């Protein structure tokens with residue numbers, strides 16, 4: 001009798017997740033050592049691999065004009081790594097609008113995001129929910145911009161004005177919110193203020209959605225309003 005041979009089982013090695021670290025400090029006197037040490041240890045404990053460390057030394061977080069940040073986002077678009085890891089959300093950005101846009105770009109690129117100290121991890125159900133909300137708000141803003149441009153160009157064309165990008169000044173928006181709080185309809189507000197139909201409604205709805213994001217982050221302990 002020929003002895004039965006068990007089939008060989010090939011052990012499949014799971015490829016380690018490639019993690020990019022982003023660190024930032026606002027002045028040249030501050031150090032990123034503590035941020036990097038904690039993040040490196042976290043990656044080691046998770047059995048991942050460091051792809052690269054992107055460091056902006058002496059750059060404010062109020063805008064995205066930072067060399068390491070720009071390079072990091074370029075690498076993300078090319079899907080050079082799997083996860084972006086930061087110490088805190090404010091290291092990535094101190095502007096809620098920029099933060100929403102950045103996280104939306106990462107989501108579209110298929111990059112997961114972890115904010116270590118905030119316990120925000122998009123590989124978890126809660127983290128995925130945050131990404132979905134952020135993506136919805138970002139898409140809503142794009143729709144507002146598109147509609148505003150089309151409405152503004154059409155309005156200018158009808159009045160024989162030179163075509164250009166329409167813009168709602170803060171004073172007009174504040175007046176619109178005041179009239180809205182008094183019970184005036186959006187159509188009457190837009191007619192009174194001389195702006196395109198639907199423009200005020202969309203803008204106020206967008207600001208409300210951003211406020212919801214702020215409250216959500218605040219409740220979750222992710223960011224302080």
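The values are calculated or read from the model by the stated rules, or taken from the named source; none is laboratory data. Quantities reported herein were computed from a predicted structural model and do not represent experimental measurements.
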(message) With the structure loaded, tell me whether residue 90 is part of a helix (DSSP H, G or I) and modelled with pLDDT under 90 or whether it fails that test.
(response) yes
(message) Within the stretch 64-77, does at least one residue satisfy the condition of being modelled with pLDDT of 95 or more and assigned to a strand (DSSP E or B)?
(response) no
